[in-house]
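S.K.: I'd like to ask some things about the structure below.
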Amino acid sequence: MEIVVIIVAVLIVIVMVLLLIKLFQTKKAYATLQDRYKDIVDRDAEIQKRESRILELSQKQSTLETDLKKRLQELNNEYSKYRSIYDNLRKELSLLEESLEIQSFGVYRPHFDFSTSEEYKAKIEQNYERLKDLIKQERAARCTTEWSVSGSRRDGERMTKQYTKLMLRAFNGECDASILKVRWNNAIVMEERIRKAFEAINKTGTVYNIFIAPEYLDLKIEELRLTHELQEKLYKEKEEQRRIQEQMREEERVQREIELAKKEAEDEEKRYQKALEKARIELNRAEGAELDALNQKIKELERQLQAAQELKERAISRAQITKSGHVYIISNIGSFGENVFKIGMTRRFEPFDRINELGDASVPFKFDIHAMVYSENAPELESKLQKHFESKQVNLVNERKEFFNVTIDEIEEFAKANNLAVTITKLAEAKEYRETLALRQQALQQGAPLKEPSPFPETLISAS
């Protein structure tokens, strides 16, 4: 009985110890929570407080974003402002250095349409007279204030005239320098340079309220344009004279070739006629097998005589038809790449001589002939072909450069549409070019050094 009591007592002690430990842990946790949330008196009030805090932070963030956007806009405006200043300074510097690219100002477009250089010269003379009239009538520059010097209006007028003359001299000097330097690639730059000089000189005149008249500026701009277009017209006239001289030389060469062909045909005709007469005399004496051989010889001589007569007639006909010739379509992919064709015309008696000339020293490879069309009016046929492909001309400035960026199928379509009896060779043999590529490829595969660097673009090599 005593043992049971002891056991029960021990158990009670253990339970009490465990309860005390649990109570201690609970109090500790409570103390921790109390310490953590000691500032919280009311849960709803705390929630409201925290929501207010969140709202406040959100408003601050919104204000900060607004300020940042505003600042960013200000920075963008400042950048645009200083960028504009930089571009203007760079533009003015380029005007002074005359190194601005054409694309920055655009391509010059003619303002006049005179057919001869003499008309341009007459217009420049008229411009000069109008400038002189403006100066004589004192309308080239104006002063909006009546100045007095030491109370004297006469001295004030003298000062005004002297300063006006000084401004006009400065402006005329700037204009003369620009007009003297005007070229095909800086005409717009020089025009802008004159305008800038006009603005700068007028700015210096604001002290005395003196201004060069806009009408005077317009006349100086007109003088610049006329001078530039006169130079272009003189160049074109010179080119036209060169073309006419070249055409005359070509005509002389054609006539010499025709005369030579005619003479050779006549000589052949005489030789075959003599041989034929001799054969016919021998025929009267011949017998047996010899007779048959002479008959065959006579037939051959008659055929050769007929061919010589036809050649003679053709030469005479070519001499009489001044516009007859051959229109050729050729390519040179080694020099110009794929789908670039030269469409030209020659009146040579042997048109292939002209093709050989084109493929001489001016290009690295020979031309391939895709079509050779005889026409009694070769210039008209050539012009028709070139007009049809005008929008695809490689050189849009000089029409005498007869290269066109077209396909052989487009040329064939034109030939069919115009009923041209011509056989078109679609494949360009380009023998030397392709052999050159093969040799270079072989050298690369073998690791052997090439004799010299390849003159062809990588894209052209890979495409071929």
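The values are calculated or read from the model by the stated rules, or taken from the named source; none is laboratory data. This structure is a prediction, so every number in the text was calculated from the model and none was measured. Note that we place each Cβ from the backbone using ideal geometry, even for glycine, and neighbour counts take in every protein chain shown.
S.K.: Name the single residue that is surrounded by the most Cβ atoms within 10 Å (Cβ to Cβ) among those in the stretch 134-145 being closer than 18 Å to ASN202 by Cα and charged (D, E, K, R).
M.R.: ARG142
S.K.: Here is a further query. I'd like to know if the stretch 377-400 contains one or more residues that are assigned by TED's automatic domain parsing to the domain that holds ILE329, touching a Lys or Arg at 6+ places or on another chain (Cβ under 7 Å) and over 14 Å from ILE343 (Cβ atoms).
M.R.: The answer is yes, given that some residue of the stretch 377-400 is assigned by TED's automatic domain parsing to the domain that holds ILE329, touching a Lys or Arg at 6+ places or on another chain (Cβ under 7 Å) and over 14 Å from ILE343 (Cβ atoms).
S.K.: OK, next. Exactly one condition in (1) modelled with pLDDT under 80; (2) over 37 Å from the mean Cα position of the chain (by Cα); (3) within 29 Å of TYR216 (Cβ to Cβ) is false for GLU129; which is it?
M.R.: All conditions pass for GLU129, except number (1).
S.K.: Moving on to the next point. Quick check on this structure: which one of LYS426, LYS342 is surrounded by 16 or more Cβ atoms within 10 Å (Cβ to Cβ) and touching a helix residue (DSSP H, G or I) at 6+ places or on another chain (Cβ under 8 Å)?
M.R.: Details: LYS426 fails: surrounded by 16 or more Cβ atoms within 10 Å (Cβ to Cβ).
Among LYS426, LYS342, only LYS342 is surrounded by 16 or more Cβ atoms within 10 Å (Cβ to Cβ) and touching a helix residue (DSSP H, G or I) at 6+ places or on another chain (Cβ under 8 Å).
S.K.: Where residues in the stretch 173-194 are in contact (Cβ under 8 Å) with a residue 12 or more places away in the chain and under 18 Å from LEU134 (Cβ atoms), which of them is surrounded by the most Cβ atoms within 10 Å (Cβ to Cβ)?
M.R.: Per the criteria, the residue is CYS175.
S.K.: How many residues are part of a helix (DSSP H, G or I) and in contact (Cβ under 8 Å) with a residue 12 or more places away in the chain when one looks only at the stretch 105-155?
M.R.: Initially, the stretch 105-155 is screened for residues part of a helix (DSSP H, G or I), giving 105, 117-136, 153-155.
Still in the running and in contact (Cβ under 8 Å) with a residue 12 or more places away in the chain: 105, 117, 120-121, 123-124, 127-128, 130-131, 134-135.
Residues meeting the conditions: 12.
S.K.: On to the next question. Every residue in the stretch 260-276 that is at pLDDT below 75 and not hydrophobic (A, V, I, L, M, F, W, C), please.
M.R.: LYS262, TYR272
S.K.: While we're looking at this one, here's another question. Any idea which residue in the stretch 196-222 is farthest from ASP133 (Cα to Cα), counting only those that are outside any helix (DSSP H, G or I) and either of a type outside the set (Ser, Thr, Tyr) or in contact with a Pro (Cβ under 6 Å, 6 or more places away or on another chain) (or both)? Full working, then the answer.
M.R.: We begin by selecting, within the stretch 196-222, every residue outside any helix (DSSP H, G or I); these are 208-213.
With the extra rule that they be either of a type outside the set (Ser, Thr, Tyr) or in contact with a Pro (Cβ under 6 Å, 6 or more places away or on another chain) (or both), the set shrinks to 209-213.
Details: ASN209: 22, ILE210: 19, PHE211: 17, ILE212: 15, ALA213: 13 Å.
Among those that are outside any helix (DSSP H, G or I) and either of a type outside the set (Ser, Thr, Tyr) or in contact with a Pro (Cβ under 6 Å, 6 or more places away or on another chain) (or both), it is ASN209.
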